[in-house]
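Novice: Quick one: the structure is below, questions incoming.
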């Protein structure tokens with residue numbers, strides 16, 4: 001089949017490359033000429049393990065190409081995927097659908113054959129209805145169907161998630177849409193990947209509901225971590241104990257500094273706004289958003305407390321290890337490290353930071369933070385070390401070297417990478433999350 005992928009960001013590029021690897025003929029379309037030029041040169045616009053190799057293989061095989069021309073890219077396509085951004089709209093938190101609707105308008109003006117138009121972008125309930133209206137109003141004489149096909153990709157593991165998904169959700173209102181989408185995903189039938197066909201509005205809501213539920217699990221265990229610190233319990237054992245219950249499961253029960261990234265913050269907000277529009281309050285999700293926002297600044301205060309409190313912090317140095325919202329990505333969107341760094345610099349602390357992939361993208365949101373070339377450069381002369389992102393590079397630090405170069409052996413482990421007894425045995429003042 002011929003697939004056009006409008007949008008060559010995280011979702012569009014990963015999805016397009018994977019579809020090409022299945023054997024489809026894929027054209028990725030993007031208005032950003034410099035991005036397309038870099039892709040032609042084999043330079044990825046994002047960091048995702050294995051993506052450069054996957055793109056290169058399929059470009060060489062002639063199954064994957066790139067263009068800035070939507071009219072050219074969608075010509076003869078069987079399916080056109082809309083995979084553009086839907087960021088939170090400034091001022092009210094609603095999803096900004098202007099890019100989605102602009103693409104739909106341009107598709108309608110350039111349709112040259114029967115096609116299925118697929119919203120891959122994360123969109124609120126009812127967006128597909130509006131896309132369908134825009135296409136109808138464009139005056140096209142060709143048959144089309146509008147389908148919802150939300151993505152469930154984890155940054156850092158996106159290729160594996162696409163090729164071996166937990167489920168594929170397809171929201172279609174007619175047989176034409178279902179038939180084409182079945183053919184698009186036919187290569188995954190061999191893996192027996194479960195495909196759930198639903199109505200379009202149901203499919204749109206599934207994505208938001210899934211992300212809100214996962215955000216709730218994260219926020220719940222973070223609150224349990226706070227309680228563990230008060231009562232002298234161990235949150236990691238609490239997580240294991242409740243996660244062994246098959247009704248709950250162990251995933252997303254890792255205490256830390258709060259969730260961030262491209263999905264959970266904006267999707268929980270968008271779900272809240274949709275619920276408000278339909279006069280159906282989502283009180284749990286509302287609480288999750290508020291607790292997560294406050295937690296990030298609280299983690300900054302936790303670091304300040306470890307160096308004597310805000311009154312004693314001015315002029316001290318803290319090494320910040322990890323800036324991205326999770327490892328194996330360069331994504332800085334809503335990363336807890338931003339709030340932690342801001343809290344520290346507001347108190348007059350000099351912050352030196354290292355991240356394996358995220359420092360360039362971090363600079364605009366952390367102008368007062370010194371970016372250094374490796375973790376030991378950050379640690380040198382520091383009064384405390386704070387681990388904010390659990391990159392593998394931080395899991396086996398040379399603590400003899402750390403103690404020789406740091407001003408003080410203080411480690412604040414916001415990801416519970418190390419064992420308290422081990423670190424105290426090495427002579428460190430060790431602070432972690434939800435553990436005595």
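The values are calculated or read from the model by the stated rules, or taken from the named source; none is laboratory data. All of these numbers come straight from a predicted model, not from anything done at the bench. FYI the Cβ positions are ideal-geometry reconstructions off the backbone, even for glycines, and counts take in every protein chain you see.
Novice: Given (1) surrounded by fewer than 18 Cβ atoms within 10 Å (Cβ to Cβ); (2) touching a strand residue (DSSP E or B) at 6+ places or on another chain (Cβ under 7 Å), where does residue 383 come up short, assuming only one miss?
Specialist: With (1) surrounded by fewer than 18 Cβ atoms within 10 Å (Cβ to Cβ); (2) touching a strand residue (DSSP E or B) at 6+ places or on another chain (Cβ under 7 Å) applied to residue 383, the lone miss is (1).
Novice: Give the stretch 416-431 a look and list any residue that's within 32 Å of the chain's Cα centre (by Cα) and either without any contact (Cβ under 8 Å) to a residue 40 or more places away in the chain or closer than 21 Å to residue 317 by Cβ (or both), or say none. Spell out how you get there, then give the answer.
Specialist: Going through the stretch 416-431, the residues within 32 Å of the chain's Cα centre (by Cα) turn out to be 416-420, 423, 430-431.
If the condition is that a residue be within 32 Å of the chain's Cα centre (by Cα) and either without any contact (Cβ under 8 Å) to a residue 40 or more places away in the chain or closer than 21 Å to residue 317 by Cβ (or both), then 417, 418, 419, 420, 423, 430, 431 are the ones that fit.
Novice: Can you name the condition, by its number, that residue 218 falls short on among (1) free of Cβ contacts under 8 Å to residues at least 24 places away in the same chain; (2) within 23 Å of residue 436 (Cα to Cα)?
Specialist: Residue 218 satisfies every listed condition except (1).
Novice: So residue 69 passes all but one of these: (1) loosely packed, with under 15 Cβ neighbours inside 10 Å; (2) touching a residue at least 40 places away in the same chain (Cβ under 8 Å); (3) farther than 20 Å from residue 120 by Cα. Which condition number does it fail?
Specialist: So residue 69 meets the others, but not (3).
Novice: Now for a separate question. Any residue at all in the stretch 289-300 that is within 21 Å of the chain's Cα centre (by Cα) and under 22 Å from residue 408 (Cβ atoms)? Can you show your working first?
Specialist: Our first condition is that a residue be within 21 Å of the chain's Cα centre (by Cα); within the stretch 289-300, this holds for 289-297, 299.
Filter again for under 22 Å from residue 408 (Cβ atoms), leaving 299.
Yes, the stretch 289-300 contains a residue that is within 21 Å of the chain's Cα centre (by Cα) and under 22 Å from residue 408 (Cβ atoms).
Novice: Please tell me if residue 429 is within 22 Å of residue 228 (Cα to Cα) and either buried (at least 16 other Cβ atoms within 10 Å of the Cβ) or modelled with pLDDT of 95 or more (or both). Break it down stepwise before answering.
Specialist: Details: within 22 Å of residue 228 (Cα to Cα): yes; either buried (at least 16 other Cβ atoms within 10 Å of the Cβ) or modelled with pLDDT of 95 or more (or both): yes.
Yes, satisfied.
Novice: Further, regarding this structure: Residue 118 - would you say it is in contact with a strand residue (DSSP E or B) (Cβ under 9 Å, 6 or more places away or on another chain), closer than 15 Å to residue 2 by Cα and crowded, with 19+ Cβ neighbours inside 10 Å? Quick ask: steps written out before the conclusion?
Specialist: On the way: in contact with a strand residue (DSSP E or B) (Cβ under 9 Å, 6 or more places away or on another chain): yes; closer than 15 Å to residue 2 by Cα: yes; crowded, with 19+ Cβ neighbours inside 10 Å: yes.
The answer is yes for residue 118.
Novice: If you don't mind, another one. Could you check how many residues of the stretch 394-417 are over 20 Å from residue 226 (Cβ atoms) and part of a loop (DSSP other than H, G, I, E, B)?
Specialist: Initial filter on the stretch 394-417 (over 20 Å from residue 226 (Cβ atoms)): 394-410.
Those still in the list that are part of a loop (DSSP other than H, G, I, E, B) too: 395-398, 406-409.
The number of residues fulfilling the criteria is 8.
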